[in-house]
Amino acid sequence: MPDIRAGETVVDLQPASDATLCFIGRIRTPWRDREDCPRQGRQDGPVCQLELDRLWEPALKGIEEYETLEILYWLDRSRRDLVTQSPKSDGRTFGTFALRSPVRPNPIGTSMVRLIARRGNVLEVRGLDCLDGTPLIDVKPDRCAFSPKAPTKPGLEDT
Ligand code: SAM
């Protein structure tokens with residue numbers, strides 16, 4: 001693990017045993033080093049590939065109807081034990097949950113991406129900010145593309 005910075009604090013983590021993720025594929029990007037990676041993706045950024053495992057190809061049926069997708073991925077090369085962090089660019093110290101840093105107990109990254117094309121089990125997208133080979137957790141249509149269902153009973157509006 002790299003050294004921690006002034007103001008940073010660490011907790012002892014128990015081995016995780018309460019949830020198991022199933023990676024659905026890998027993300028192919030031009031970035032091999034963290035220093036080259038953008039802090040956040042841009043919709044005019046380079047085209048990247050979401051390579052889903054073949055068994056998930058049928059799960060993409062209908063995806064072409066959406067221009068914007070929400071992507072969840074596992075920032076697998078992050079440490080996970082910092083409670084407070086001092087971002088290099090800032091000089092101040094923040095709580096982990098007050099940052100979008102990749103360093104967090106469950107290193108899930110999210111990006112809104114633009115769908116460029118689909119080739120079978122591969123989606124070409126723009127708007128990512130992760131290292132080449134980052135495990136893919138989920139792909140969802142842009143939430144704004146859905147009309148919420150009318151609630152069936154008073155009081156259940158948020159269920
Ligand atoms: N857009 C996502 C979010 O907001 O949840 C991730 C933002 S995070 C600030 C993006 C940074 O995470 C990149 O600039 C890079 O330094 C780092 N990163 C990218 N891929 C990673 C990986 N697979 N493991 C660890 N760190 C990664």
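Readers should treat all values here as calculations from the given coordinates under stated rules, not as data from a laboratory. Fair warning: this is a prediction, and the values are worked out from it, not measured in the lab. When we count neighbours, we look across all protein chains shown, and the Cβ atoms used for this are built from the backbone with ideal geometry, even at glycine.
Volume of the convex hull of the stretch 22-144 (Cα atoms only), normalised per residue: 111 Å³.
In this simple spin-label approximation, Tyr66 and Arg39 carry label points 7 Å from Cα along the Cα→Cβ vector, and these lie 2.7 nm apart.
Relative contact order for the chain: 36 percent, from Cα pairs under 8 Å spaced at least 6 residues apart, divided by residue count. Approximating the spin labels as points 7 Å out from Cα along Cα→Cβ, the Val11-to-Cys144 distance works out to 3.5 nm. Electrostatic bookkeeping for Ser111 treats Lys and Arg as +1 and Asp and Glu as -1; over the other residues with beta carbon under 9 Å from its beta carbon, the sum is -2. For the chain, a crude dipole built from +1 on the beta carbon of Lys and Arg and -1 on the beta carbon of Asp and Glu, taken about the Cα centre, is about 120 debye to the nearest 20. Of the trypsin sites (Lys or Arg not before Pro) in the stretch 39-110, the ones in a loop by DSSP (not H, G, I, E or B) with at most 15 other beta carbons within 10 Å are Arg39, Arg42, Lys61, Arg77, Arg79, Lys88, Arg92, Arg100. Scanning the chain for GluC sites (Glu not before Pro) in DSSP loops with at most 13 neighbouring Cβ atoms within 10 Å leaves 68-156 as the longest stretch between them.
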